[in-house]
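What follows is a short report on a single structure.
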Amino acid sequence: MAPKWRELADKFAEQIKSGEYPPGAQLPQIRQLVEAGEGSKETVHKAYKALEAEGLVTSTRGHGTVVRPRTPLKRLGIARYDKVKWRDGDEVAFIADRVASGRAYKRNEQTQTVSRVEADSLVAAGLGVPVGSEVYARARLVKEGTQPTHTLTSYYRPEHVEGTRIVDPAPGPAGRGGGYRVLYDAGFEIDHMREALFARIPTAAEVQLLQLPVGEPVVELHRTTYTADGTVVEFAVGIHSASRFAWEYDFKVPDSAQDKGQE
């Protein structure tokens with residue numbers, strides 16, 4: 001016979017899967033369930049912890065126990081960097097993902113801090129500068145409503161961005177078109193980029209910042225952005241909640257044999 005907390009967890013799991021508790025809905029407070037005779041405080045607490053471990057809910061101080069969204073954001077590949085979006089319009093990358101996902105957004109859902117820091121080995125290699133060189137770090141936290149989705153920290157050589165809107169710490173994208181438009185206006189038009197992705201266990205600080213449920217991994221992104229002549233104008237590190245994004249890439253399949261034949 002299953003313990004009482006398991007029975008209660010299974011009951012809520014069925015209600016969540018049936019839609020009785022839709023994504024974003026808050027489950028009853030532990031005190032309410034205790035008073036309703038569903039079990040002791042310890043029983044209800046164990047049941048909620050089981051639901052959290054199974055990825056069905058998140059529990060945070062001040063927000064209670066909430067059903068997790070089932071549909072992740074569509075995190076576009078190369079399409080999110082289309083120059084028409086940021087050069088000719090105002091659809092910066094995180095907004096492009098929201099538009100593609102049919103989700104609402106506000107520009108102030110991206111907050112940021114800007115500082116000059118010494119480049120560690122990772123940043124130095126990304127920007128092609130000596131370790132310890134002073135670089136600008138533009139750190140952003142992006143939320144969907146009140147829920148953090150990811151962080152992104154872009155690093156720049158001071159000579160590329162000094163005096164531009166990129167180093168303005170005001171919340172939101174760096175003006176119309178965001179950082180890439182700023183670089184474009186400064187004479188550094190982006191031409192190509194390289195992205196590397198890998199999953200890992202989050203740090204304690206990342207769990208708290210991104211409000212991650214128990215056992216949730218993160219996807220770390222390393223992005224290097226170049227001009228046509230190969231100058232690196234940005235190296236970025238992003239930390240994404242794994243369950244809040246669906247990564248999507250659309251690209252032409254290469255044929256290296258055909259390319260060689262045309263040489």
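The values are calculated or read from the model by the stated rules, or taken from the named source; none is laboratory data. Since the structure is predicted, the reported quantities are computational estimates derived from the model, not experimental observations. We place every Cβ from the backbone using ideal geometry, glycine too, and count neighbours over all the protein chains shown. These accessible areas exclude ligands, DNA and RNA; they are computed on the full protein's heavy atoms, side chains included. Shrake-Rupley method; radii C 1.70, N 1.55, O 1.52, S 1.80 Å.
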query = Residue farthest toward the positive end of the dipole of the chain, with Cβ of Lys/Arg at +1 and Asp/Glu at -1: which of 57, 73, 126?
reply = 57
request  = Could you tell me which label, among (i) 0.97; (ii) 1.07; (iii) 1.11, carries the value of Rg/Rh (Cα atoms, Kirkwood Rh) calculated for this structure?
outcome  = (ii)
query = Just how far, in whole angstrom, is region 3-70 from region 102-158 if you go by their alpha carbon centroids?
reply = 35 Å
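Before rounding to the nearest 500, sum -39500 (n - 2.57) across all DSSP H runs of length at least 4 in the chain and divide by the residue total; then give [θ] at 222 nm in deg cm²/dmol. Mind dumping the intermediate values first?
Details: 10 runs with 79 residues, N = 263.
The helix-only estimate for the chain comes to -8000 deg cm²/dmol at 222 nm.
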task = With the full set of protein chains in place, find how many percent of the accessible area of region 73-247 is carbon and sulfur; take the probe as 1.4 Å.
result = 54 percent
³J(HN,Hα), Karplus 6.51/-1.76/1.60, whole Hz, each residue of region 159-166, x for Gly, Pro = 5, 8, 10, 4, x, 9, 5, 4
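By how many nm would the segment from residue 25 to residue 99 grow when fully extended, if each residue of separation counts as 0.36 nm and the alpha-carbon distance is taken off? Show your work: numbers first, answer last.
Values: separation 74, 0.36 × 74 = 26.64 nm, distance 2.36 nm.
So the chain would gain 24.3 nm between residue 25 and residue 99.
Quick one: if the Förster radius is 22 Å, what FRET efficiency do residue 108 and residue 87 give, using the C-beta to C-beta distance and rounding to 0.05? Write down the numbers at each step before the final one.
Working: r = 23 Å, r/R0 = 1.02.
E(calc), rounded to 0.05, equals 0.45.
Among 224-230, 197-203, what's the highest-first ranking by average C-beta atoms within 10 angstrom per residue? Before the final figure, lay out the partial values.
Values: 224-230: 14.0, 197-203: 11.7.
Peptide ranking by packing, descending: 224-230, 197-203.
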inquiry  = Output wanted: per-residue J couplings in Hz (rounded whole) for region 20-35, from phi through Karplus 6.51 cos²θ - 1.76 cosθ + 1.60, θ = phi - 60°, x for Gly and Pro.
reply    = 4, 10, x, x, x, 6, 9, 6, x, 5, 4, 4, 5, 5, 4, 5
